[in-house]
Amino acid sequence: MQEQYSRNDIKLFCSLIDEIVSKAEWIIERSMIHNQNNQFEIAALLSIRQMTDFADGVSILVEKQSNDSAIPIVRSLFEVSVGLEYLLQEDFDNRAKKILFF
């Protein structure tokens, strides 16, 4: 059974995604400027950046009511989030090296 959302609901969902993307981009910029202690942090930031790009794309597609086209992007977003979680669990430096250099 498929739920029907009003145009206002869809606009609200998209604006929430856009706000998350905006905050994530702010975090990335701030981290690049202020946290240069660990050169491998760029691996995590690249993953976050890729996630924001995917989320932004999903927002645009959903707003244009192209929901089926958003499904593979949502899957990719999920896959990147799983990779980021794996990266952050343990042995960060070695895992980040593998992501960046292999």
Rolling a 1.4 angstrom probe over the protein heavy atoms, how many square angstrom per residue are accessible across the chain? 75 Å²
Can you pull the accessible area of Asp68 for me, 1.4 Å probe, Å² to the nearest 10? 120 Å²
Cα gyration tensor of the stretch 25-77, axes a ≥ b ≥ c as square roots of the eigenvalues: rounded (a/c below 1.5), prolate (a/b > b/c) or oblate? oblate
What nm distance separates the two modelled labels at Ile60 and Arg75, each placed 7 Å from Cα along Cα→Cβ? 2.1 nm
Taking 0.36 nm per intervening residue step and subtracting the Cα-Cα distance, what contour gain separates Leu16 from His34 on full extension? 3.8 nm
Of [x] 9.4; [y] 7.8; [z] 6.7, which one was derived for mean projected area of the Cα convex hull in nm² from the structure shown? [y]
Using a Cα-Cα cut-off of under 27 Å, which lysines could be cross-linked to Lys97, ignoring same-chain neighbours fewer than 8 residues away? Lys23
Using alpha-carbon pairs under 8 Å, 6+ residues apart, how would you state the relative contact order of the chain in percent? 31 percent
With every protein chain left in place, what is the accessible area of Lys98 in Å² (1.4 Å probe, nearest 10)? 130 Å²
Measuring from label point to label point, each 7 Å out along Cα→Cβ, what is the Asp9 to Asp91 span in nm? 4.6 nm
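The values are calculated or read from the model by the stated rules, or taken from the named source; none is laboratory data. Source: prediction; values computed, not measured. Heads up, the Cβs are rebuilt from the backbone with ideal geometry, glycines too, and the neighbour counts pull from every protein chain shown. Protein only, heavy atoms only, side chains kept; ligands, DNA and RNA dropped before computing areas. Shrake-Rupley method; radii C 1.70, N 1.55, O 1.52, S 1.80 Å.
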